[in-house]
Amino acid sequence: MKWQSLIKVALMSLLRNPMRSLLTMLGMIIGVGSVIALVALGEGSQKDIQGQISSLGTNLLIVMPGSSQMGGVRGGSGSLGTLSMADVETLRKNGRLFRGVSPEIRVQAQIIAGASNWNSMVMGVAPEYLDIRNYQVASGNFFGEREVKSRAKVAVIGQTVARELFPGEDPVGARIRIRNVPFLVTGVLSSKGQSAMGSDQDDIILAPSTSVLYRLGDGKTVRSINVSAVSEKDMEAAKSEIITLLRGQHRLAPGEDDDFRIRDQTEIIQMATSVTGTMTLLLSSVAGVSLLVGGIGIMNIMLVSVTERTREIGIRLAIGARPLDVLVQFLIEAAILSIFGGAVGILTGLGTAWGLGSLLGVSSVINPLMIVVAVLFTAVVGVFFGFYPARKASNLHPIDALRYE
Amino acid sequence: MKDGIIEVRDLVKTFSLEDVQVHALKGLSLTIRRGEYVSIMGTSGSGKSTLMNILGCLDHPTSGTYLLDGTAVSGLNRTQLAGIRNEKIGFVFQGFNLLSRTTALENVELPLLYDRRHRIGNPKKAAEEALVRVGLGERLKHEPNQLSGGQQQRVAIARALVTQPSIILADEPTGNLDSRTTQEILALFQKVNADGMTLVMVTHDPDVARYAERIVELRDGLVLRDEAVIDRCKAVLELPPAAKENLS
Ligand SMILES: Nc1ncnc2c1ncn2[C@@H]1O[C@H](COP(=O)(O)OP(=O)(O)O)[C@@H](O)[C@H]1O
Ligand SMILES: [Mg+2]
């Protein structure tokens with residue numbers, strides 16, 4: 001039998017019972033729809049998180065003081081003040097794989113501007129920090145090497161700080177007092193929004209590292225050193241370079257543990273995505289089960305259909321249909337049911353992903369591969385679950401089938 | 001003597017039920033020549049349908065040989081039998097056996113869709129011609145439930161004719177019809193036979209049997225009587241003028 005006629009015959013017998021065909025497809029529609037929606041939303045939220053994390057900075061390595069994992073008696077992470085400005089200088093002078101090196105000295109302080117005041121984080125950094133951390137200056141200027149050398153009392157403030165201290169005004173050129181030390185606001189940062197961990201990246205004040213260290217801080221504690229590697233593939237090499245340089249600077253004997261730790265972005269990304277990944281996997285497997293149930297629904301209906309249409313099968317066999325023709329006809333019917341169901345399911349799933357996504361503020365990623373896989377999968381489900389009933393139909397004996405009441 | 005289009009020798013068919021064995025055919029032999037029109041008669045249970053099903057390649061004999069148009073049928077597998085049914089045999093059933101919710105045209109076209117050798121070029125056209133031939137040229141788009149019993153049987157005959165088979169087998173084709181529509185069918189059969197088609201028709205009605213040229217009577221799975229019809233009836237003559245027009 002020709003393909004066109006096979007498909008025509010299959011379509012005709014499906015249309016003879018439109019309600020039942022529709023209900024059968026419903027299982028497939030729900031199954032495929034939920035898989036598509038969940039995967040789209042899962043990938044979307046993962047992309048959101050990755051976007052947030054890469055907004056941290058490109059090829060970022062963060063050196064933190066801390067005991068190593070293997071030490072005998074260990075202080076807590078960051079409990080030892082092992083990083084200093086000398087370390088920063090070493091890295092900056094001798095590093096070959098670094099695009100930028102910047103210390104981070106943190107002081108939580110009360111800021112006063114005229115009659116307003118606000119509590120924020122003041123960060124002492126190098127001029128490269130802007131580039132390392134992907135910050136941008138919205139208005140005014142960032143400070144340079146000269147300001148760092150002279151411990152200048154200049155500051156660049158984040159959007160949140162600007163909003164709290166200078167509502168409706170241009171803060172550039174204004175004066176603020178940080179722990180009673182007067183600073184000149186030379187610029188305002190562009191907004192960066194929330195970090196992956198949920199903190200406000202705009203509630204920040206950046207000032208020259210030396211100014212913060214010596215005028216506001218204790219004069220020695222560098223909280224962390226931010227390093228950006230020249231490229232992503234140099235991340236590992238840059239990491240070992242940091243280790244070598246800092247071990248030399250700290251005069252650590254071979255075998256002695258590192259007294260610092262290096263965290264990189266991938267580590268942070270992995271941490272954040274593993275959570276959503278697990279969720280997606282969990283929900284997808286639930287959706288997968290519903291797909292399976294949809295497939296079993298198809299098998300069920302096809303079995304009923306074969307019994308109900310025994311006489312029809314008998315007629316077909318009597319006028320010369322080969323067992324294979326009957327087998328193929330029922331397989332095609334099952335495949336049509338599941339492919340149509342799958343197609344409607346894909347549309348439903350995309351609609352749901354879009355609707356839920358905009359409702360929850362999550363982006364949904366539509367992966368074309370996903371759709372191809374869904375289509376193939378539904379066809380396979382149709383053929384797999386259609387095979388047993390089809391086989392049953394094709395094994396009927398013409399006389400028995402014709403006699404069937 | 002013309003060559004035998006059907007030759008069966010020592011045909012035995014035994015049905016095994018749970019504890020009894022039913023011997024439906026007990027070594028029956030029969031030859032039917034090309035172009036012949038044969039009635040098969042016999043009381044209920046004498047084995048007529050069993051014989052027809054074997055002749056129609058719908059069933060296997062328990063033993064015995066069957067030569068159809070030169071082909072030894074015993075020993076063919078299911079797929080090959082399907083091919084024979086499609087190409088060489090047109091079967092007409094007592095209960096019409098049309099596909100419901102399917103138009104007359106599609107019903108008649110159906111066997112051509114299963115013809116792997118595509119012997120007939122344009123299935124739709126051939127189906128249409130077959131329906132015109134049985135006088136249903138105006139009823140192409142009608143579904144079985146919109147047709148009378150006689151019309152349904154004529155659709156079934158068109159379906160049997162459309163593949164240009166070697167032989168038409170009809171098992172009590174008029175069993176479900178009133179006398180007037182029976183005449184229509186008999187007239188059609190005589191016309192088809194006059195065009196050269198071999199016909200085997202089962203009936204338990206002696207009046208119906210007399211429209212054939214030869215009557216074979218079965219009893220208990222064997223041939224009891226096999227003789228030519230002397231006072232053969234001409235169905236066309238008994239038809240009302242309108243129906244006659246339809247058939248010519
Ligand atoms: N599938 C079957 N199973 C068991 N017995 C059968 C079957 N088909 C026919 N028979 C028996 O075979 C005998 C002949 O039946 P059949 O050929 O149908 O007779 P007829 O058509 O002449 O009335 C009957 O006794 C019937 O009961
Ligand atoms: Mg019978």
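Applying the selection to the range A:364-405, what residues are in a loop (DSSP other than H, G, I, E, B) and surrounded by fewer than 19 Cβ atoms within 10 Å (Cβ to Cβ)?
Matches in the range A:364-405: A:VAL365, A:ILE366, A:ASN367, A:ASN395, A:HIS397, A:TYR404, A:GLU405.
Could you figure out which of (1) assigned to a loop (DSSP other than H, G, I, E, B); (2) free of Cβ contacts under 8 Å to residues at least 40 places away in the same chain isn't true of A:ASN119?
Here A:ASN119 meets the rest and fails (1).
Of all residues in the range B:9-29, count the ones that are away from ligand 1 (no atom under 14 Å from the Cβ) and either closer than 20 Å to B:LEU169 by Cβ or not in a strand (DSSP E or B) (or both).
2
Here are the criteria: (1) outside any strand (DSSP E or B); (2) at negative phi. Tell me which single one B:LEU199 does not satisfy.
B:LEU199 satisfies every listed condition except (1).
Would you confirm, using the coordinates I've provided, whether A:LEU317 is among the hydrophobic types (A, V, I, L, M, F, W, C) and within 14 Å of chain B (Cβ to nearest Cβ)?
Answer is yes for this residue.
Tell me which residues, restricted to the range B:74-96, are under 26 Å from B:PRO144 (Cβ atoms), more than 16 Å from ligand 1 (Cβ to nearest atom) and either polar (S, T, N, Q) or touching a Gly at 6+ places or on another chain (Cβ under 6 Å) (or both).
B:ALA82, B:ARG85, B:ASN86, B:ILE89
Restricting to the range B:171-205, name every residue that is among the hydroxyl-bearing types (Ser, Thr, Tyr) and within 16 Å of ligand 2 (Cβ to nearest atom).
B:THR174, B:THR203
Looking at the range B:49-73, which of its residues are open to solvent by 50 Å² or more (accessible area, probe 1.4 Å), part of a loop (DSSP other than H, G, I, E, B) and away from ligand 1 (no atom under 16 Å from the Cβ)?
Result: B:GLY70, single match.
From A:SER139, A:SER191, which residue is surrounded by fewer than 22 Cβ atoms within 10 Å (Cβ to Cβ) and either part of a strand (DSSP E or B) or at pLDDT 90 or above (or both)?
Among A:SER139, A:SER191, only A:SER139 is surrounded by fewer than 22 Cβ atoms within 10 Å (Cβ to Cβ) and either part of a strand (DSSP E or B) or at pLDDT 90 or above (or both).
Looking at B:ILE54, B:ILE6, B:ILE40, can you tell me which residue is more than 16 Å from ligand 2 (Cβ to nearest atom) and out of contact with any Asp or Glu (no Cβ under 6 Å at 6 or more places or on another chain)?
After ruling out the rest, the residue left standing is B:ILE6.
Return yes when B:HIS118 is more than 8 Å from chain A (Cβ to nearest Cβ) and without any contact (Cβ under 8 Å) to a residue 24 or more places away in the chain and no when it is not.
Here the answer is yes, as B:HIS118 does meet what is asked.
If you check A:ASP258, A:ASP325, which single one turns out to be open to solvent by 30 Å² or more (accessible area, probe 1.4 Å) and either assigned to a helix (DSSP H, G or I) or away from chain B (no Cβ under 14 Å) (or both)?
That would be A:ASP258, the only listed residue that is open to solvent by 30 Å² or more (accessible area, probe 1.4 Å) and either assigned to a helix (DSSP H, G or I) or away from chain B (no Cβ under 14 Å) (or both).
Which one is farthest from the other protein chains (Cβ to nearest Cβ) among residues in the range A:283-298 that are of a type in the set (A, V, I, L, M, F, W, C) and open to solvent by 50 Å² or more (accessible area, probe 1.4 Å)?
Among those that are of a type in the set (A, V, I, L, M, F, W, C) and open to solvent by 50 Å² or more (accessible area, probe 1.4 Å), it is A:LEU283.
The values are calculated or read from the model by the stated rules, or taken from the named source; none is laboratory data. Given the structure is predicted, the values throughout are model-derived calculations rather than measurements. FYI the Cβ positions are ideal-geometry reconstructions off the backbone, even for glycines, and counts take in every protein chain you see. When the accessible area is computed, the model is the full protein with side chains, heavy atoms only, and any ligands, DNA or RNA have been set aside. Shrake-Rupley method; radii C 1.70, N 1.55, O 1.52, S 1.80 Å.
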